[in-house]
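Quick note: the coordinates plus some simple rules give every number you see, no bench work behind them. Computed from a predicted model, the values in this text were never measured in an experiment. Cβ placement follows ideal geometry from the backbone for every residue including glycine, while neighbour counts extend to all protein chains displayed.
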DNA sequence: TAGTGGTCTAGACCACGGT
DNA sequence: CCGTGGTCTAGACCACTAG
């Protein structure tokens, strides 16, 4: 796959961005520069840039150049508002259950209609906080076979998806969500430090990735009273 | 804009699909066919197909052809599960307030941070039901200037977005959401026929469209107990 | 005016799916 | 085998941005 020229350029530039050689707002070399550097034609260079644009790493500005995006363009990911914005370091992630191998994904999972159940999957659970305020409980399951040795992996910047991207070069390619407003049960309420019976936003997600073997199932429970859940999408 | 060759092909094919000349699952003419028909090169034909693919109208199958997708690929739109699936005709939309010209968008609107307020905008409100069960209240605002004469327009298949696409050739290009789990207030509860204080999912949306003048603001209130809200996204 | 990305031509060869 | 979409070359001209 990596013998494709445009993929090579695409991955080369993606690495430069991820390594921080190009920062947010920086302009990448022009398409013509890359043509010279890699001895390719405009068409191929453009294809690489187009892909990076589709993946949300850059935005192309007619007449100016291609600029590294401030945040990766949304992938339809739902994010708690304040998490990405709050760069001040007041966002904390508390690991409730370190990644462990479990025998199965909870069968009540909403997206498991007609799909084979996961066996031998990795599970981990985290609590997201803004300052001292718990905002979201996050439970994740995914097949162990796809990410061998993950339980020994250190998270990159505390981010699961960044870890996938940088350490495994796996990108999220799709997601399905189900959203429900529910009364918080006792354990959820305790973790979120809210009263039992308060409304919580329950989000069930199935993520597809660039590795067909890796599908990620997540269950989120959010206290949206102070920090609503946000989501943005651009073509 | 329509003098661009690839745009012409793109719109031509889109019309054929929308008119039902090509049905879901049908294969469009091959890229080479279109090259002959329109006297263009592969590059241009491919660009048209690529755009249609990005917009979710078709999927390209290597070695086989380009097939009309069953449903438009998700645009990050949140949809009530059962609405798109329920083809049996048990989905009903009740207009609570017909489109009317109002003086302003409610200023408490969540996405109005730092943006100029809308004046002279169209407002309409609908209640979505599955069978007899009210599931979602939907309130919409958008600038009147962008869609002159909209108050006289008949909805295509009862769908606002289909109407935009077919009658105005405007596509949704992006959206921002804010989601909250809340207690239903009295009026919301009454419309949704649930008890006051039940949890409802409150979604605030700002839609961007292919017409820079047209921005749509929506407020949704959903009873998710029976029909959760769904959302899917694919690169 | 120089440099950027956007559109387009006229080819070529490859990888995949079905006959 | 043929037709499909996927990659790629080597050019050209246009539209936009900025000094």
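As a test of understanding, state the convex hull volume per residue of segment B:161-235 from its alpha carbons, in Å³.
Spread over its residues, the Cα hull of segment B:161-235 gives 126 Å³ apiece.
Could you work out the mean projected area of the convex hull around the alpha carbons of segment A:118-202, in square nanometres to one decimal?
The orientation-averaged projected area of the Cα hull of segment A:118-202 comes to 7.0 nm².
Quick one: label points 7 angstrom along Cα→Cβ at residue B:173, distances to the other copies in nm, smallest first?
Label-point separations across copies, in nm and ascending: 2.7.
Evaluate E = 1/(1 + (r/R0)^6) for residue B:156 and residue A:151, where r is the Cβ-Cβ distance and R0 equals 60 Å; express this FRET efficiency to the nearest 0.05.
The computed FRET efficiency comes out at 0.70.
Quick one: with label points 7 Å out along Cα→Cβ, list the inter-copy distances for residue A:26 in nm, shortest first?
Here residue A:26 shows inter-copy label distances of 5.0 nm.
Quick one: with label points 7 Å out along Cα→Cβ, list the inter-copy distances for residue B:212 in nm, shortest first?
Result for residue B:212, in nm, nearest copy first: 4.2.
Whole angstrom only: what separates the Cα centroid of segment A:184-208 from the Cα centroid of segment A:28-65?
Here the answer is 43 Å between Cα centres.
What Kirkwood radius, in Å to one decimal, follows from the Cα pairs of segment B:2-69?
11.7
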